[in-house]
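A short worksheet on the structure shown next.
Throughout, read-outs are computed from the coordinates displayed, never taken from laboratory work. What you are looking at is a predicted structure, and each value in this text was computed from that prediction instead of being measured. Positions of Cβ are generated from backbone atoms using ideal geometry, with glycine treated the same way; all protein chains shown enter the neighbour counts.
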Amino acid sequence: MPRVSFRGPTGEPIQDPSADYLCNLITAPPEGFWARGSGDAEIEVECSEDQKLSLLILHHEALGFYLKFLKAEGRRIVDTRSSLSDRARLTEVVTCSDEWMASAGLFLRPNAAADAVAEFASSGGLSEDVTWICPEEIPDGGNW
């Protein structure tokens with residue numbers, strides 16, 4: 001069974017968090033949760049000594065949550081994907097988390113983000129209910 005760890009905005013790690021816990025942080029977080037520390041979170045799934053999967057969770061008060069998937073083999077990133085909600089808004093860049101710049105079209109509504117986070121935490125896989133795009137699909141003027 002892969003090891004799962006969660007690091008919230010203040011950096012404290014939680015080992016093997018429940019799917020309910022993670023979903024609640026997205027759909028009904030404690031007041032000010034996403035304004036603390038770095039303002040982002042990360043889930044890491046260690047599949048083997050050489051392979052790690054990560055899901056970065058970035059929050060925007062009005063737009064929701066941007067999810068960024070990374071697959072690493074050793075120290076090398078071999079795959080990167082971003083959640084997509086609106087391709088037409090990929091050149092509109094907003095500030096989220098701790099001064100991170102990202103295209104507005106990458107942010108999911110909380111319920112969709114929560115489902116994708118739960119899927120990732122339980123399997124290391126990407127939710128089929130979310131459209132995932134590669135960095136190369138971001139047009140000039142956008143940011144991932």
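Could you please rank Val94, Val117, Val78, placing first whichever residue has the fewest other Cβ atoms within 10 Å of its Cβ?
Val78, Val94, Val117
Could you check which residue among Pro13, Pro30, Pro110 shows the biggest mean-square fluctuation in a GNM of the chain with a 10 Å Cα cutoff?
Between Pro13, Pro30, Pro110, it is Pro30 that shows the largest mean-square fluctuation.
What's the exposure ranking of Glu46, Glu12, Glu119, going from fewest to most Cβ atoms within 10 Å?
Listed from fewest to most nearby Cβ atoms, that is Glu12, Glu46, Glu119.
Hey, in the GNM for the chain with a 10 angstrom Cα cutoff, which one of Arg76, Arg87, Arg109 fluctuates hardest?
Arg76
Which of Gly64, Gly124, Gly11 moves the most in a Gaussian network model of the chain with Cα springs under 10 Å?
Gly11
Take the stretch 3-137, drop everything but the C-alpha atoms, weight them equally and run the Debye formula without solvent; then report log10 I(q)/I(0) at 0.11 Å⁻¹ to two decimals.
-0.35
Given the -39500 (n - 2.57) contribution per DSSP H run of 4+ residues, what per-residue ellipticity at 222 nm results for the chain, rounded to the nearest 500 deg cm²/dmol?
-5000 deg cm²/dmol
Mind listing the long-range amide H neighbours of Asn143? Cut-off is under 5 Å, sequence gap 5 or more, other chains count too, H placed in the peptide plane at 1.01 Å from N.
Here the answer is Ser103, since their amide H atoms fall under 5 Å of that of Asn143.
Taking neighbour Cβ counts within 10 Å as the exposure measure, how do Thr91, Thr10 sort from fewest upward?
In order of increasing Cβ crowding within 10 Å: Thr10, Thr91.
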